[in-house]
Each structure stands twice: as C-alpha cells, then as structure tokens.
Amino acid sequence: MFIHIEDVSKNIGKRVNLRGWVYRQRSGKGIAFVILRDVSGTIQCVVKEDAKGFKDAQKASIESSVELSGKVRKDERAPTGYEVDVDEIKIIGESDNFPITEYQSTEHLLDVRHLWLRSRRLTNIFKIRSDVFGAIHDFYRSKGFFEIQSPSITATSCEGAGTLFELNYFGEKAYLTQSWQLYAEAVLPSLENIYCIAPSFRAEKSRTRRHLAEYWHAEAEMAWTNHDESMKLQEELITHIIKTVLKKRKKELLELGRDLKKLETVKPPFKRVTYNEALEILKKDGFKLKWGDDFGIKEEKQLTTHFDKPFFVTNYPKEAKAFYMKENPKDKKTYLCADLLAPEGYGEIIGGSERETDVNELIKRLKKQGEKIKNYEWYLDSRRYGSIPHSGFGMGIERLVMWICGIDHIRDTIPFPRTTTRIYP
Ligand code: 4AD
Ligand code: MG
C-alpha cells in the first residue's frame, strides 16, 4: 500500500511505500538524496549504496516518476521534519531534461504551462480552486437550489455585442455564451431557485490582469426575490466560501504568502455604497470622471483603498450596465443593481441585479442596442406568461480565487488560461 507524503509523520520508525516525482536530486560517493514530491508535499529520501535500485537513485533526473520504500525517521534538520531511509527505489518513468529551472521568464513558463502546473505554487492554488467549487455547490444545495445548465452556443447576447465570440453555426451566426442568465430567467417558473457553474466567454480586447477569454462563472437566479435579498445571499455565499477555504487550506494559503487576517475579517454585512457616493469618493481622490462613466480597473482599485472587506457598489447609471436590469424606482436614471468589489485592489468579483419585468421596456432597450427582437422572443415570453419579480448574479470564480490566494494575475488561478494572446497549450 502506498501512502501520501503528508501521512509520513504518522509512521515514525515504520516502513512506508511512497510514489511521486523527483523534486530535487543530488548524489555523492555511496549516497544519493532524492527529494520526492506528490500532491501532498515533499520529503527528503536518503538512498545508500546498499539499497536496492541505488543506481536508479543516482541517475533519477528532475520530474522522473519513482516508487520507493523505506523507514521513516524524525529529523529536526530536515525542512519537513522527517526523512526516509530508503531500502528500495525504482524509476517508473524517466524524465528528459526538464525545461523549467529556477529563474524563467513568464512567457517561457506560459509556453510550458502543462509542465509548470506541477509547481508547488500552482498545486496550492488549484487545491484552493477545487474547494471553492465545492463550497459553491454545498452552499446552493443546502439552500434547496437546483443546478441547471444552459447552452454554450447561443444566438443572443446577454452582456452586449462588444465582447461576443462569433462562430459559424451551420451557416448561421452564433456566439459563445457570455452568461447563463437569460436562459436561467426562462427556467425560473419551472425550478424557482437555481444555480450553475459553467464557462463563460468574453472576447475582451483589453489585456489586463483580471480578464480571461474563457472563465468559470458561478451564477444564481432566484424567483420572488428582490435586489436587497439577492445582495444578502451574495454576502452569505462569499462568507461561506472564505470560511471553507480557511478551514481546509490554511497551509496552502500560508505557503502562498497570504495574510490570513485579511480573510478572517470577511463576515456580513458588507458595506453598500451607491454609484453616486463612489463617484464622489473618486473625484475627491483626484479622478476626472463624469456621471454615467463606468468604473474600470483603476477606479475600482482606488475605491478598494477605502474598504477592508468586500463591498457593494449599487445603482449604476443605465448607460453603464446591461439591458435586462430593473429600473430603480427612486431614481429612473439608474438600475437596481450592484457589483461586489473585493478589497486589496482586486475589484469586481460579482455582478448582479433585479431583473426588469416590463416586456415593452425590454423590447425598447434591445432595439436601442440594435438587437434583432426575433432572437429574443423566447426570453421575452418569460414576461408574457406569468412574470414574477426576480433577481440574480454572476460570480467570476477566477477573480474570486485570485483575491483569496492574494495573487497578482488571474492566469494562475486556472490550469490552462485563455488570454488574448494565448491558446497554446
Ligand atoms: O458582470 P458580468 O458581466 O455579469 C453577467 O454576466 C451577468 N449576466 C451575471 C448574472 O447576473 N447572472 O459578469 C459577472 C462576473 C464579473 O463580476 C466577474 O467576476 C466575472 O464574471 N467576469 C470575468 N472574469 C474573468 N474574465 C473576464 N473576462 C470576465 N468578465 C466577467
Ligand atoms: Mg460586471
């Protein structure tokens, strides 16, 4: 039976079988040191001349896969506190000269992403990412939400034509989906409270640290729910995810250099500031903006310097947001909507709103956007046959993971990032 390296500490003085990849290797006269890596950690293994397979240990190159057995010894000097005295070692798969050494350019690391993802850093991030997905599912299911999917190929645009990936669908124009939302709204009379985690696609022309062309989108849509109730659910969701990650992944967060205190303070309620208030803050900070301008990365980053927890920016001007949002009855120039911004410079991680129920208003806005109404008739039917008040929101999982891990580029939150300049590997 093989055990993982993290369980070695429970086996002091005993013989264990380990398997993994060679992280480092050095050999001297009559002795070889193999640092073994598996999903759970690394450990130094000492191979002496009389061990079976000593020659394999001597020639084991970086990233060769090996199996070994030996006795566990506690060793204060060893970086992980333990060592294994090997009595048998075997190379399973030899490794060519591994193309990654200590100092490498970002471009090179992206070229060999399929190999670089074995690094401790990316392994730690992917474990956290996995727990984030799990926590989202647990959260919605514990609240009785149903998980339901929508097509990835569509004829409609949810978030505006500017970021659509176009494709030829058997001779007809089609797009990769930007969001599950429009379909979700049509499903509400069937399932009432629903969610989905799926890829969304954005042909963002801007090269930034927080945009991917393909990202994972966790969306929810709730029947009989107003915008305030939706924001409360968002606070709860974020808090649940952070709590889960803090409980399960402290070690990984610390290895990534994350300041845990910054995450431990994340508890509801999150502050709500209106767009108008946010605009005033920014103007005071020297930004030249006029009413109606959307906030970009720079503006959001500046806003986050005023908050130490996630916070909502509510009631954006209509011209800054998508067609489906409900008009704010208190200020008809704005919507009942909010973006949730993560602190420490990260900015928007959730976009959400109450949805417009007036079918004629929706038609008017779609026409103004230059859309063909016939492509949206199915969507408009949700307002014609038993329309209800409803709200929903979408969370960018990579944006969230980026903030949780405290890292400075979104590409490291996903194994094979799709950016404007990269489709390989
Ligand atoms: O704000 P967005 O565009 O909202 C929607 O798509 C709504 N239809 C969601 C809904 O109400 N169901 O996108 C939602 C979130 C953003 O807050 C951001 O976190 C993420 O998706 N996002 C991106 N993440 C990575 N790369 C991109 N290019 C992203 N564009 C949006
Ligand atoms: Mg948005």
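The values are calculated or read from the model by the stated rules, or taken from the named source; none is laboratory data. Keep in mind that what you see is a predicted model, and the values were worked out from it rather than measured. Neighbour counts run over all protein chains shown; Cβ positions are idealised from the backbone, glycine included.
For the range 113-127, the set of residues classified as surrounded by fewer than 20 Cβ atoms within 10 Å (Cβ to Cβ), among the aliphatic types (A, V, I, L, M) and part of a helix (DSSP H, G or I) consists of 115, 122, listed by residue number. For the condition free of Cβ contacts under 8 Å to residues at least 12 places away in the same chain and surrounded by 15 or more Cβ atoms within 10 Å (Cβ to Cβ), residue 68 does not qualify. Scanning the range 348-382 for residues that are modelled with pLDDT of 95 or more and in contact with a Gly (Cβ under 9 Å, 6 or more places away or on another chain) yields 348, 349, 350, 351, 352, 353, 354, 355. Does the range 145-167 include one or more residues that are among the acidic types (Asp, Glu), within 18 Å of the chain's Cα centre (by Cα) and more than 16 Å from ligand 2 (Cβ to nearest atom)? No; the residues of the range 145-167 include none that is among the acidic types (Asp, Glu), within 18 Å of the chain's Cα centre (by Cα) and more than 16 Å from ligand 2 (Cβ to nearest atom).
A single member of 318, 298 is under 26 Å from residue 204 (Cα atoms), surrounded by 15 or more Cβ atoms within 10 Å (Cβ to Cβ) and within 16 Å of ligand 2 (Cβ to nearest atom), and it is 318.
If you check every pair at least six apart or on different chains, which have Cβ atoms under 8 Å apart with a residue in the range 191-214 that is closer than 20 Å to residue 408 by Cβ first and a residue that is in a strand (DSSP E or B) and within 11 Å of ligand 1 (Cβ to nearest atom) second? Every condition considered, the pairs that remain are 207/419; 210/347; 211/419; 212/419; 213/201; 213/419.
When the range 391-417 is filtered for residues that are more than 16 Å from ligand 2 (Cβ to nearest atom) and among the β-branched types (Val, Ile, Thr), the ones remaining, listed by number, are 401, 404, 407, 413, 414. Only one of the listed residues (338, 278, 322, 342) is over 24 Å from the mean Cα position of the chain (by Cα) and among the small types (Gly, Ala, Ser). That residue is 278. The residues of the range 380-393 that are within 16 Å of ligand 1 (Cβ to nearest atom) and either touching a Phe, Trp or Tyr at 6+ places or on another chain (Cβ under 8 Å) or over 24 Å from residue 337 (Cβ atoms) (or both), listed by number, are 389, 390. Scanning the range 144-159 for residues that are charged (D, E, K, R) and within 14 Å of ligand 1 (Cβ to nearest atom) yields one hit, 159. Applying a threshold of 6 Å to beta carbon distances and a minimum spacing of six or more residues, or different chains, the list of pairs starting in the range 267-286 at a residue that is farther than 18 Å from residue 335 by Cα and ending at one that is part of a strand (DSSP E or B) and at pLDDT below 95 is empty.
Results for (1) near ligand 1 (Cβ under 9 Å from one of its atoms); (2) among the basic types (Lys, Arg); (3) without any contact (Cβ under 8 Å) to a residue 60 or more places away in the chain, shown as yes or no for each residue.
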{"position": "179", "(1), (2), (3)": "yes, no, no"}
{"position": "182", "(1), (2), (3)": "yes, no, no"}
{"position": "219", "(1), (2), (3)": "yes, no, no"}
{"position": "238", "(1), (2), (3)": "no, no, no"}
{"position": "242", "(1), (2), (3)": "no, no, no"}
{"position": "248", "(1), (2), (3)": "no, yes, no"}
{"position": "252", "(1), (2), (3)": "no, no, no"}
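Restricting attention to the range 155-177, the residues that are among the hydrophobic types (A, V, I, L, M, F, W, C), free of Cβ contacts under 8 Å to residues at least 24 places away in the same chain and in a loop (DSSP other than H, G, I, E, B) add up to 1. Elements of the type helices (runs of 4 or more DSSP H) sitting completely within the range 202-269 and holding at least 2 residues that are polar (S, T, N, Q): these cover 227-248. Within this structure, residue 32 fails the test of being more than 28 Å from residue 122 (Cβ to Cβ), in a strand (DSSP E or B) and of a type in the set (A, V, I, L, M, F, W, C).
Quick check on the range 356-365. Is at least one of its residues aliphatic (A, V, I, L, M), in a strand (DSSP E or B), in contact with a Lys or Arg (Cβ under 9 Å, 6 or more places away or on another chain) and crowded, with 20+ Cβ neighbours inside 10 Å? No, there is no match, as no residue in the range 356-365 is aliphatic (A, V, I, L, M), in a strand (DSSP E or B), in contact with a Lys or Arg (Cβ under 9 Å, 6 or more places away or on another chain) and crowded, with 20+ Cβ neighbours inside 10 Å.
Of all residues in the range 233-260, exactly one satisfies the criterion of being of a type in the set (Lys, Arg), exposed (fewer than 15 other Cβ atoms within 10 Å of the Cβ) and farther than 24 Å from residue 408 by Cβ, namely 247. Listed by first and then second residue, the pairs linking a residue in the range 396-416 that is at positive phi to a residue that is part of a loop (DSSP other than H, G, I, E, B) and among the aliphatic types (A, V, I, L, M), with Cβ atoms under 8 Å apart and 6 or more places separating them unless they lie on different chains, are 406/256. Could you please let me know if residue 77 is touching a residue at least 40 places away in the same chain (Cβ under 8 Å) and among the basic types (Lys, Arg)? When the stated conditions are applied, residue 77 does not pass them.
The single condition from (1) within 26 Å of residue 365 (Cα to Cα); (2) surrounded by fewer than 21 Cβ atoms within 10 Å (Cβ to Cβ) that residue 190 fails is (1).
Scanning the range 376-425 for residues that are of a type in the set (Phe, Trp, Tyr), under 19 Å from the mean Cα position of the chain (by Cα) and either assigned to a helix (DSSP H, G or I) or buried (at least 21 other Cβ atoms within 10 Å of the Cβ) (or both) turns up 393, 403. The residue pairs whose first member lies in the range 344-370 and is over 21 Å from residue 230 (Cα atoms), whose second member is crowded, with 22+ Cβ neighbours inside 10 Å and β-branched (Val, Ile, Thr), and whose beta carbons are closer than 6 Å, counting only pairs six or more residues apart or on different chains, do not exist in this structure.
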